[in-house]
Protein chains: 2
Amino acid sequence: MAKIQSRRNSTKKEVIIEKASRLFREKGFGAASMRDLAEHVGVEAASLYNHIQSKSEILQTICFKVANEFISNLEVVEASLQPTLKKMETIIRLHIRMMLDQYEYVYIADHEWRHLPEPYLSNFLNQRRNYRKRLSDIIETGIAKGEMKAIDPYTAVLVILSAISGIDSWQRSRKSTNAETLESNMVKYLIEGLKK
Amino acid sequence: MAKIQSRRNSTKKEVIIEKASRLFREKGFGAASMRDLAEHVGVEAASLYNHIQSKSEILQTICFKVANEFISNLEVVEASLQPTLKKMETIIRLHIRMMLDQYEYVYIADHEWRHLPEPYLSNFLNQRRNYRKRLSDIIETGIAKGEMKAIDPYTAVLVILSAISGIDSWQRSRKSTNAETLESNMVKYLIEGLKK
DNA sequence: AAAAAGAGCTAACGACTGTTAGCCAATAAT
DNA sequence: ATTATTGGCTAACAGTCGTTAGCTCTTTTT
């Protein structure tokens, strides 16, 4: 092997993916070109292919990296002994933080998954459906245990996840608002709707 | 003038825009091609230009059509004498209905506005910012009047609008759920978080 | 009947797309 | 010291993109 990493403790592949995530968010996957990406990496377009296999491989990497992170976090919460309302709060806070400090990645997994080629597309959608189902199961349990008010669980999941993913349109307009304030405001609203 | 309308009471331009809205939603603005669109309209790509000026003119038409509809609806609500909580409920129901029966258009205005060329882009974002500000003003008034609980108004607006725009990811997975049920579930959750 | 305009077509332009081939220099492994 | 590998580069392919030019036929207006 020749030199395996550039400056900073990251592979060139990781650099490419990082720059790509920025570009994909700004322009959208379809409108972002490899020559565009190459320029941001500081290399010719063809050279990218020494590190990646294709444009859509980048998208796959990003989407499944995010998906896996959410799923493994959910597993920890599921296994915990918290009451259901607290579980939901934990998950909500986690989503908000992911959104805030891995913004580019989360955004792409949220908005650009459409451009995944099969079979990755189906795979991704299955994981997403499964994830949502498990969240609504928590709420369902919460209602059954009398810890939450009777509300349609899937609607609640939809509202919660959508509200959080909408933070992107906030970021730009109110960079000033600090993260903790945003998080606590948001949790307040979303949890209030679940509380009995 | 030659024949000014095709079958149905719609101009060919309207047909093009309607077909385009479907295509733009499915593939994204960048990935949808004029040849693709032409095929759906039943015509050669070049012939489209007898009715429209450019690809992005279609996007502009869709985005501002939706924006204008929302704004003029808001004006009616603002001018009404309802209590603030009722105003918000009216607006929420209106958004949900727009989302359900003008799905394609609303989706594009929500997700594809990024591809608007300047100066339309700035224009659109200004209108959006203004719209959100006016919603948060209603909530602020509601809090001041003691009709709503003290919550950060802009956070509430963000949660509400994002939650509704997330209905798209619902539609596909639960076509069965009828519109009224969805609407009432959603209103229940979103209004509950505002009520004192 | 003559003129104008609408609305379709084919062909093509120039720019840009993701990607491959093939070459060369530097580094790592033997 | 020699060989192998890595990771750059240039050039190019085959395709697609939005759009225009220029033609023809049909329909409307005068």
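The values are calculated or read from the model by the stated rules, or taken from the named source; none is laboratory data. Fair warning: this is a prediction, and the values are worked out from it, not measured in the lab. With ideal geometry, Cβ positions are generated from the backbone for all residues, glycine too; neighbour counts draw on all protein chains shown. Quick note on the areas: whole protein, heavy atoms, side chains included, nothing else; ligands and nucleic acids left out. Shrake-Rupley method; radii C 1.70, N 1.55, O 1.52, S 1.80 Å.
Distances, shortest first, from the label point of B:LYS133 to those at the same position in the other copies read 4.6 nm; the point lies 7 Å along Cα to C-beta. GNM remark for chain A: springs join alpha carbons under 10 Å apart, and the peak mean-square fluctuation among A:TYR107, A:TYR49, A:TYR154 falls on A:TYR49.
Stokes-Einstein at 37 °C, 0.692 mPa s, Kirkwood radius from Cα pairs: D for region A:1-99 in µm² s⁻¹? Taking Rh from Cα pairs, D becomes 209 µm²/s. Would you please classify the overall shape of the protein assembly as shown from the alpha carbon gyration tensor, given that a ≥ b ≥ c denote the square roots of the eigenvalues, rounded means a/c under 1.5, and beyond that prolate means a/b larger than b/c while oblate covers the rest? Oblate shape, in that a/c is at least 1.5 and b/c is the bigger or equal ratio. A Cβ-based charge dipole, computed about the Cα centre of chain A with Lys and Arg at +1 and Asp and Glu at -1, lands at about 200 debye. Cross-link reach is defined here as a Cα-Cα straight distance under 17 Å, omitting same-chain residues fewer than 8 places apart; for B:LYS196 the lysines meeting it are A:LYS149, A:LYS188, A:LYS195, A:LYS196, B:LYS86, B:LYS87, B:LYS145, B:LYS149, B:LYS188. Along the axis of the charge dipole computed for chain B (Cβ charges of +1 for Lys and Arg, -1 for Asp and Glu, origin at the Cα centre), the listed residues B:GLY42, B:VAL76, B:GLN60 are led at the positive end by B:GLY42. In chain B, Cα pairs under 8 Å separated by at least six residues give a relative contact order of 22 percent.
Comparing each chain alone with all protein chains together (probe 1.4 Å, DNA, RNA and ligands left out), none of the residues of region A:23-37 loses at least 30 Å² of accessible area. Where the alpha-carbon atoms of region B:55-192 are placed on the principal axes, they occupy 49, 38, 24 Å, in descending order. I'd like the carbon and sulfur percentage of the solvent accessible area for the protein assembly as shown, probe radius 1.4 Å, heavy atoms only, ligands and nucleic acids excluded. Looking at the protein assembly as shown in its full context, I get 50 percent from C and S. Heavy-atom accessible surface of chain B, averaged per residue, reaches 50 Å², computed with a 1.4 Å probe. Net charge dipole, the protein assembly as shown: roughly 140 debye, given to the nearest 20, about the Cα centre with Cβ charges of +1 for Lys and Arg and -1 for Asp and Glu.
Size check on region B:69-144: the Cα extents along the three principal axes, sorted descending, read 39, 26, 17 Å. Summed over both chains, the area buried between B and A is near 3300 Å², taken from the accessible surface of protein heavy atoms with a 1.4 Å probe. Once backbone amide H atoms are built at 1.01 Å from N, B:MET148 has B:ILE143 as its partners under 5 Å, excluding neighbours fewer than 5 places away on the same chain.
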